[in-house]
1. Remind me, what semi-axes does chain B give for its equivalent ellipsoid, largest first in whole Å, using sqrt of 5 times each Cα gyration tensor eigenvalue?
2. Please list, or write none, the lysines whose alpha carbon is within less than 27 Å of the alpha carbon of B:K169, excluding same-chain residues fewer than 8 places away.
3. So for each of A:128-141, B:257-270 I average, over its residues, the number of other beta carbons within 10 Å; can you give me the resulting order with the highest mean first?
4. How large is ³J(HN,Hα), in whole Hz, for each residue of segment A:229-241 in order, when computed from phi with the Karplus curve 6.51 cos²θ - 1.76 cosθ + 1.60 and θ = phi - 60°, using x for Gly and Pro?
5. Taking beta carbons within 10 Å but only from partner chains, what does the mean come to for residues C:27-37?
6. What is the spin-label model distance, in nm, from B:L499 to B:D444 if the labels are put 7 Å beyond Cα along the C-beta direction?
7. Give me, ordered by chain and number, the residues 5 or more places off B:F77 or on other chains with an amide H under 5 Å from its own placed amide H.
8. Sorted by packing (mean other beta-carbon atoms within 10 Å per residue), highest first, where do A:434-440, A:86-92 land?
Amino acid sequence: MTGGIDISIRPLLPVVVLTVTAVVVLFVDVFSPRERESHYGYLGVAGIALAAWFALGLWGKGSLTFTQTFITDKLSVLTTLIYLLIAALTFLFSPGYLHHEGRNLGEYYALVLFAVVGLIFMTSAQHLILFFVGLEVLSIALYALAGFVRQRDLCNEAALKYLFLGGFSSSILLLGLAFIYSVTDTLYLRGVASYVVAHGASSTLILGMSLVMVGFFFKISAAPFHAWAPDVYGGAPAPVAGFMATAAKVAVFAVLLRFLDSAVFPLRSHWMAMVTVVSVLSMVIGNFAALRQENIKRMLAYSSIAHAGYALVGVAAASRQGGAAVVFYMLAYSLMNLGAFGVVALVGRQGEGYVNISDYAGLAAKRPVLAAAMAICLFSLAGIPGTAGFMGKFYVFASGVKANQIPLVVIAVINSAVAAYYYLRVVYMMYMEEPKEEYQIVFHPAAVFALLVIVVGIFQLGIIPGGLLSASYSSFAWFTF
Amino acid sequence: MMVLILAVVLIPLLGATINGLFCWFTKRKAHIIAVPAIAIPAIVSLILLARVLQGERFDQVLYWWIPLGDFRVPIGFLLDELSAIMITTVTFVATWIHVYSIGYMDHETPRGYAKYFCYLNLFVFFMLTLCLANNFLLMFVGWEGVGLCSYLLIGYWYEKASAANAGMKAFVVNRIGDFGFMIGLFLIYKHLGTLLFSQAFASAEQLSVGVATLITLLLFTGATGKSAQIPLYVWLPDAMEGPTPVSSLIHAATMVTAGVYMVARTHALFNMAPLSMEVVASIGAATALMAATMALVNNDLKRILAYSTVSQLGYMFVGVGVGVYAAGIFHLFTHAFFKGLMFLTAGSVMHALHGELNLQKMGGLIKKMPITGWTFVVGALAIAGIPPLAGFWSKDEILAGAFMGGHRIIWAVGTFTAFLTAFYMFRLIFLTFFGEPREKHLYDHAHESPPVMTIPLIVLAVGSAVVGLLALAPHGGIVGFLNRTLGEAHEAAGHEGGLTYILMVISVAMGVAGVVLAYFMYMKRMPDPVAMARNFRPVYTLLYNKYYVDEIYFAFIVNPVVGGSRYALWKFVDVIIIDGAVNGVGRLCRLVGGGLRYIQTGFIPDYAWMILVGAVVIYWIGRLF
Amino acid sequence: MGVGLFQYTVLSVLVFLLGALGLMIRRNAIIMFLCMELMLNGVNILFMALARSKGSVEGQVIVLFVMAVAAAEAAIGMAIITSFYRSRGGIGVDRADLMKW
């Protein structure tokens, strides 16, 4: 970094590997006969594994390259590994699902891989325009994925809604960036920070910051910017819904923490108020609306709104501990949500004809393994002790208490009690009701393997969370929090 | 060393996991997993013990379970002289009880069989965790874990109402004790700022006597629950509803001694609180005497042994209470052998007599089942304190410690209890194994148990006979070994030649007297026990009804609580107020939820409006603060 | 009175709001999509004006990025709208009403 442009390739290796894999998958798709379709997923998983290997090699070797726009620190490496895990699990769930829909095409896997590239750029960006580009790479891939099963009306509707509302919120975010730029003369995070330290707040700056945060809140489906989520998750193919609900949320939370810390930390009295209000609204709206849902995908969508609210408690703590807790929470949330959507994909069967909660009646009697996996994911979502969801909530709320956000934590705890109702309703349905039909579910071994990984992960994080927690704690070592 | 310790703790867990998850596969073969899962740790424990003998020690945090800022929950192990003795005892006795169970649980359903071994392994895992923990929290995890396994195993035959109730009773009574233990833990964390034993004990001297007394009494409350002392002993006799090997392992040899272990482990705190020590010793002595008297007239084979366990636990508390911690642990060690043995022989008798437990229906069984009979005699001689068997050495250490420490009354109670112990044990032997058979058909069908059951009996009988001799080993024997960690509260407890021998002779004389009296009463019928019972009817009735303690608890605690709960809490507070409120809130929630849904119009422009309005609100809030 | 930064800012915000308003009151998916482009271009004007007045290239580079992003979005957007048209027989967004509540 002595004057010249540092273009060391090492920090980019995971991204390069993913891009190359995506391109290879596209080419293989073009040049291979239809019956070899199921191999794209495994090819993708191999690419992900290689990328993960390179990413692991970057752990602890911080670097700041490409004219100081691309940072590789522990936070970015840790989140990169989480995205790769999410993508791999999605790849395990997808082939069986897509095969039934007759849409098991190479571009699906390529799009997911491109989305992960976007995610990595978002979290590694030290310049806000690089972040914006990463966000758009992600969003464009997700628009296409949401409508991937294009013969299904619901998918088209989901894609259309996501396209317009996503574009709308991106524009708002971009306007916010322009306002920040107009005040600070730069969009480097450090540059913004040094301006803010030197000059303090101005109303244009706060306006810019709020608009940027609206963009963030939209992507994590926090209320009142959540309205798209139930419709899009409800309409999108279940594996895609799982991917959208988890990967994007992890990334945007990481970026949110990075932005709030590296750029606008001195304005914390302003943004803490915003985060607190949004957190409360998300928890309340998400949980209460979920109570009355009959469609399990919509129920999970509302629950993901509520979970965004819980995680925002950790952000509102504005502390290193809170940051670590949020990252931990996001991984826990990703596992249990992917598991739930994975089961939904299996139970939904062709055309997703069985996505109502009443379709789960007596599942335990007919498909005990599937029901058990679903029950574990739902217990974890509800925050039952021993599961990842409990530990995540515990850390987040503990950091909130420590930061003296007592009223917020009280609201969060009350909300998680309310939430137990709608999760356990599904468990009740599966275990206590009489089965109404034979469950003609085709098991795909890859999907079962993915469920196994998720269940083990949920218990691992729920019982021995120390390793991950200290990793995420150390990834906030640079925080000014 | 760390690897070995982890192996000791984790192998039983592995065994439990395999049998738990794959019970549909292991079924009848469950013991192939379960027995090695304990036998290997037993061997490893011996290696560890040998290394501790050479002066090695292990105290390390392996894993920070919740590393969150300054509140950190450790998982770590401590291996010193005390825990080495504990794990060796636990794994050794458990191994043979596992072997014995193969024969005893023969008639169970295949799944029940696997389930049984799963619980048993799990129990050993928690017990070892308890013994090896290097901090209060992990110890508490083990403590609760063994309680859970005990509850599951007491209620193993849960179709039987009495078994299910006994499990419930054990659980509830233990909860009361655990509550005290937990508050004690909080206080320790509050005042010492750490949960690690090493740090807590090093800074124990900072505690004021008042706080130390409070903490230790709370800890002791936990111990009275787990180790069945006054006033919380009532669950143990009922716990005999479980399978007999369970009674042997959990309710005689290991789990119930956890309270004694805990007191010895926290001796640094107890040393700070002389009053608590007095309380521990007095409760121990009172329990020893009371339980022994209840055993005098009981006719149920297993219940007599249960009262005897309560009584012997009382001795152990006397030991730790008067400050001779090593003697208390030594008695725990020998007791594990002879009481484990006696329960297994009782199981063997039950096995032969199709579950019959009433002494009055037995008699003369020694001819039919010689191994069972004679091994029981060895155990009884050991508990009666006849030299050179195990019980003599450890009991003598405790009584000598009490006497030297100036606790003359406690010594007298203990010595008298030794007499009662010898008497009721030999009453049991004479009624069961000697004399004429009183129920002909029971006797005719009796048979010796298979070798898989008798070999453990023989091993434990040999153990009961010889382990006491460890007291004579060089460097102060086992007591000297334990004292390397435990220290002696009173220097006076050292041996003072002549006086020691006089005390020893007195206690042996008491034991012999008990045996002789039992012989005359139950073999020669002079004085005739039936006439005695008639002549001392009030005393007999009182003892026979166990001092009416259960009835008193029912009348004054259980019924008011249950009745109060039912009428005041359930019928009124619960049904009307809480249910009303909960249902009301639930209804309100669903109503609100129903309303909120209608924000969701499904129309893109509406959503865009929401975002824009939200953006303005967010900006306004940001400006406001 | 010359045309300065202030005038450009007002212009860009107006263009942005025009786009936002269009997205919120029109029903035709193509028009709505154009309105979205209008929002982005409104921001582009602001970036250009800022870059000129500050004499920095950062803003100009940003505009190039935004244009590339907008192009990609247009491609995927048109594909989605086409697909929607096929399944519903029209491009009025009020036809997207399968999911609500």
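1. Working from the Cα gyration tensor, I get semi-axes of 47, 31, 26 Å.
2. The qualifying lysines are B:K115, B:K160, B:K226, B:K302, B:K339, B:K546, B:K571.
3. So the order, starting with the most tightly packed, is B:257-270, A:128-141.
4. So the Karplus estimates, Gly and Pro as x, are 4, x, 5, 6, 5, x, x, 5, x, 3, x, 5, 4 Hz.
5. Mean shielding count: 3.
6. Calculated label separation equals 6.2 nm.
7. B:Q60, B:L62, B:N134
8. Working: A:434-440: 11.0, A:86-92: 27.0.
Listed from highest to lowest mean packing, they are A:86-92, A:434-440.
Computed from the coordinates by the stated procedures, all read-outs in this text should not be read as laboratory data. Remember, it's a predicted structure, so these values are computed and weren't measured experimentally. Note: ideal-geometry Cβ built from the backbone for every residue, glycine included; neighbour counts use all protein chains shown.
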